[in-house]
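S.K.: Got a structure for you, written out below as structure tokens; questions coming shortly.
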Amino acid sequence: MKTVRIPPALRSETDGKREVHAAGATVRELLDDLMSRFPGLRPQLVDEDEIAPFVNVYVEGEDVRTLDGLETEVHDGSTVILLPAMAGGS
Amino acid sequence: MASYRDLLAQVKTEIDEVDVPRAAEILDGPDKPLVVDVRELDEWTQGRIPGAIHIPRGFLESRIEQAAPDRSQPILLYCAGGARSAFGAKTLGELGYESVTSLAGGYTDWKRSGFATELPRTLDAAKRERYSRHILIPEVGEEGQLKLLDAKILLIGAGGLGSPASLYLAAAGVGRLGIVDDDRVDATNLQRQIAHSTETIGEWKADSARRTIEALNPDVDVVTYKERLTSENVDRILADGWDVIVDGADNFPTRYLVNDASVWHDIPVVHGSIYRFEGQVTVFKPHEGPCYRCLFPQPPPPELAPSCAEGGVLGVLPGIVGSLQANEALKLALQIGESLSGRLLLFDALAAEFSEVKLRRDPDCPVCGEHPTITEYIDYVEFCSGRPTHA
């Protein structure tokens, strides 16, 4: 199992959980597992079978776009961070 | 037992000395040594050899590594008459410095021989007292404090992030602070926006913040822009000469506008954003590190991007994130430390946990990439509206 950190803006889709476990050997499998259990996440994470351009996915602190994208391998014990852009400052 | 004279005579046999004419030749030559004035502060403020740095004899051992990390760096020490610098040269030799000389005759002979001197820029007594806790830090010191007093930092927004950032920058003695904000203080702001107060409800935030800053530190020159940052006014505002931008905006169009303008004007941006219990901080250094568009090429559709006004924010969170922004801005102004350029620091207030992810430049970035496709301001509201901007 891998740990996925859910940012506050997406927690309304994950019953308020800040971390959830997900199964899969790649980012794609992990996100598929996650989105099958929390369908509300889909429009916030993917866009036409790609990671949506306004969200970043990090595996071990690295943006998966600089690795193998959705095919990036995720090892057991790894933490995956989902990071949508947020603009709040006031 | 050796007398002081014996000891000095002994030390002078163990070190290299140069007289004033030879020192003047060396300082005119191509391989200038680091010139260190080891006299006391009151002597230093009366005049120095041009270009010298000041490390009083009593702090020489503890501060020299900061000034000269490389042990092979040639160093010329001087004091008033050549005694303190002789002892200093011996000590630096013991610390492993390979090329240390002491100026025989010292500053007194230098001045008497008619060589150039200069009055160092120094802090007056009131400033030395106000900033004493900065001056005590070797990495800041009087020189660093003078840098801060010369620094010009522009704050985008005087709200949640801008409040703590502006107050700490003002307290630190940043000489000029610009504040861009077109909003007025209302009661809902006061749960977190500590630059404002119950008394200033209804005032422009820029004016309210200015009053608080001036009460905290009259050394700071506050420039207010009571307008929303737009494509039309951004060049005029940035032309006022800012060293660093602290971005505490509350909407995506302004974030992208600040980014594009900062890349074209080559001004580093200390970026902070907050939502509910979480904050993000990083530094965007144009052309050196990634920019905001490298991090987020596109804003989320508005329905997926709730603001603090819609989603709420824990009052202390902007205090933490805005203070981290002030920390980064001060480091940039002082040119010390490791900036957050290339790293995004995430703070989770509920877990009381910091984490960090790596940011990289995108060679295909439309603004800072190798072949930029956006070279002038666009319609940022349209760009962030979620409607397609290009066919």
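Read-outs: derived from the displayed coordinates by stated rules, not from any lab. This is a predicted model, so every value here is computed, not measured. Every residue, glycine among them, receives a Cβ derived from its backbone with ideal geometry; neighbour counts consider all protein chains shown.
S.K.: Let me know the mean shielding of B:139-146 by other chains, meaning the per-residue number of their Cβ atoms within 10 Å of its Cβ.
M.R.: 0
S.K.: Which order results if A:THR66, B:THR212 are arranged by neighbouring Cβ count within 10 Å, fewest first?
M.R.: Lowest to highest Cβ neighbour count: A:THR66, B:THR212.
S.K.: Is chain A best put as rounded, prolate or oblate by its Cα gyration tensor, with a ≥ b ≥ c the root eigenvalues, rounded for a/c under 1.5, and otherwise prolate when a/b is larger than b/c, oblate when not?
M.R.: rounded
S.K.: Please state the relative contact order of the stretch A:1-69 as a whole percent: Cα pairs under 8 Å, 6+ residues apart?
M.R.: Once normalised by length, the contact order is 21 percent.
S.K.: With springs only between Cα atoms under 10 Å apart, run a GNM on chain B and tell me which of B:LEU154, B:LEU304, B:LEU177 wobbles the most.
M.R.: It is B:LEU304.
S.K.: Once you've got the GNM for chain B with C-alpha springs shorter than 10 Å, pick whichever of B:ASP348, B:ASP260, B:ASP219 has the biggest mean-square fluctuation.
M.R.: B:ASP348
S.K.: Residue by residue through the stretch A:47-56, what is 3J(HN,Hα) from phi via Karplus (6.51 cos²θ - 1.76 cosθ + 1.60, θ = phi - 60°)? Round to whole Hz and write x for glycine and proline.
M.R.: 9, 6, 6, 10, 5, 4, x, 9, 9, 10
S.K.: Further, regarding this structure: Counting other Cβ atoms within 10 Å of each Cβ, which trypsin sites (Lys or Arg not before Pro) in the stretch B:208-284 have at most 10 and sit in a DSSP loop?
M.R.: none
S.K.: Choose one of B:LEU77, B:PHE383, B:VAL321: the residue whose Cα lies farthest towards the positive end of the charge dipole of chain B (beta-carbon charges +1 Lys, Arg; -1 Asp, Glu; about the Cα centre).
M.R.: Of the options given, the answer is B:LEU77.
S.K.: Would you please give the residues with an amide H less than 5 Å from that of A:THR26, counting only those at least 5 places away or on a separate chain, with H modeled from the backbone geometry?
M.R.: Sorted by chain and number, the residues that satisfy this are A:VAL74.
S.K.: Give the residue from B:PRO300, A:VAL80, B:LEU92 lying farthest towards the positive end of the charge dipole for the protein assembly as shown; charges sit on Cβ (+1 for Lys and Arg, -1 for Asp and Glu) and the dipole is referred to the Cα centre.
M.R.: Checking the options against the dipole of the protein assembly as shown, the answer is B:LEU92.
S.K.: Put one equal scatterer on each alpha carbon of the protein assembly as shown, apply the Debye formula with no solvent term, and list log10 I(q)/I(0) at q = 0.09 1/Å to two decimals.
M.R.: Treating every Cα as an identical point scatterer, log10 I(q)/I(0) equals -0.73.
S.K.: Using only Cα atoms and rounding to the nearest 10 degrees, what angle (0 to 90) does helix B:317-334 make with the longest principal axis of chain B?
M.R.: It is inclined by approximately 40 degrees.
S.K.: Which of B:HIS265, A:HIS21, B:HIS134, A:HIS75 has the fewest other C-beta atoms within 10 Å, and how do the rest follow up to the most?
M.R.: A:HIS75, A:HIS21, B:HIS265, B:HIS134
S.K.: Is chain B rounded, prolate or oblate when judged by the Cα gyration tensor, a ≥ b ≥ c being the square roots of its eigenvalues, rounded requiring a/c under 1.5 and prolate requiring a/b larger than b/c?
M.R.: The shape class here is prolate.
S.K.: How far, in degrees from 0 to 90, does helix B:252-265 lean away from the longest principal axis of the Cα atoms of chain B, to the nearest 10?
M.R.: Helix B:252-265 sits at roughly 40 degrees to that axis.
S.K.: Something else now. Convert each backbone phi in the stretch B:269-276 into a coupling constant with the Karplus relation 6.51 cos²θ - 1.76 cosθ + 1.60 (shift: θ = phi - 60°), then list the ³J(HN,Hα) values in order as whole Hz, x for Gly and Pro.
M.R.: Whole-Hz 3J(HN,Hα) from phi for the stretch B:269-276: 10, 9, 9, x, 8, 9, 7, 6.
S.K.: Rounding to the nearest 20 debye, state how big the charge dipole of chain B is about its Cα centre with +1 on each Lys and Arg Cβ and -1 on each Asp and Glu Cβ.
M.R.: With Lys and Arg at +1 and Asp and Glu at -1, about 660 debye.
S.K.: Okay, next question. Kindly count the pairs of lysines across chain B whose alpha carbons are less than 24 Å apart, treating pairs on different chains or eight or more residues apart as eligible.
M.R.: Here the count comes out as 19.
S.K.: Roughly how compact is the stretch B:4-112, stated as its Cα Rg over 2.2 N^0.38 Å to two decimals?
M.R.: Working it through for the stretch B:4-112, the quotient is 0.96.
S.K.: While we're looking at this one, here's another question. Return the percentage of antiparallel bridges among DSSP beta bridges fully within the stretch B:245-391, rounded to the nearest 5 %.
M.R.: Rounded to the nearest five, the antiparallel share is 75 percent.
S.K.: Classify the stretch B:183-313: rounded, prolate or oblate, from the alpha-carbon gyration tensor (a ≥ b ≥ c, eigenvalue square roots; a/c under 1.5 rounded; otherwise prolate if a/b is larger than b/c)?
M.R.: oblate
S.K.: If you filter the stretch B:124-171 for GluC sites (Glu not before Pro), then keep DSSP loop positions with at most 15 other Cβ within 10 Å, what is left?
M.R.: B:GLU139
S.K.: OK, next. What is the magnitude of the charge dipole of the stretch B:122-177 about its Cα centre, with +1 placed on the Cβ of each Lys and Arg, -1 on the Cβ of each Asp and Glu, and no other charges, expressed in debye to the nearest 20?
M.R.: Dipole of the stretch B:122-177, to the nearest 20 debye: 160 debye.
S.K.: For chain B, with a Gaussian network of springs between Cα atoms less than 10 Å apart, report the residue from B:PRO30, B:PRO164, B:PRO299 with the top mean-square fluctuation.
M.R.: B:PRO30
S.K.: Let me ask you something else. What is the average number of partner chain Cβ atoms found within 10 Å of a Cβ in B:275-284?
M.R.: What the average comes to for B:275-284 is 3.
S.K.: Please identify every one of the GluC sites (Glu not before Pro) in the stretch B:293-391 that sits in a loop by DSSP and has no more than 12 other beta carbons within 10 Å of its own beta carbon.
M.R.: B:GLU338, B:GLU370, B:GLU376
S.K.: Same structure again: Taking all pairs of different Cα atoms in the stretch B:329-380, averaging 1/r and flipping that mean, what Kirkwood radius in angstroms comes out?
M.R.: Radius from the Kirkwood sum: 14.1 Å.
S.K.: Could you please state, rounded to a whole Å, how far the C-alpha centre of the stretch B:9-50 is from the C-alpha centre of the stretch B:248-288?
M.R.: 46 Å
S.K.: Could you list, bin by bin from short to long, the percent of Cα-Cα pairs of the stretch B:151-383 in 10 Å steps?
M.R.: Calculated over all Cα pairs of the stretch B:151-383, the distribution is 8, 35, 39, 17, 1, 0 percent.
S.K.: Here's a follow-up. Work from the charge dipole of the stretch B:31-122 (Cβ charges, +1 for Lys and Arg, -1 for Asp and Glu, about the Cα centre) and give the residue of B:PRO56, B:PHE115, B:ALA68 farthest towards its positive end.
M.R.: The residue sitting most towards the positive pole is B:PHE115.
S.K.: Determine ³J(HN,Hα), in whole Hz, for all residues of the stretch B:216-229 in sequence, where each value follows from phi through the Karplus function 6.51 cos²θ - 1.76 cosθ + 1.60 and θ = phi - 60°; x replaces Gly and Pro.
M.R.: Result, ordered by residue: 6, 8, x, 5, 8, 8, 9, 10, 9, 10, 8, 8, 6, 5 Hz.
S.K.: Out of the DSSP beta bridges found with both residues in the protein assembly as shown, what percent are antiparallel (nearest 5)?
M.R.: So the antiparallel bridges amount to about 50 percent of the total.
S.K.: Which order results if A:GLU60, B:GLU118 are arranged by neighbouring Cβ count within 10 Å, fewest first?
M.R.: Ordered by Cβ neighbours within 10 Å, fewest first: B:GLU118, A:GLU60.
S.K.: Under a point-charge model restricted to the Cβ atoms of Lys and Arg (+1) and Asp and Glu (-1), what is the dipole moment magnitude of the protein assembly as shown relative to its Cα centre, in debye to the nearest 20?
M.R.: Approximately 1360 debye in magnitude.
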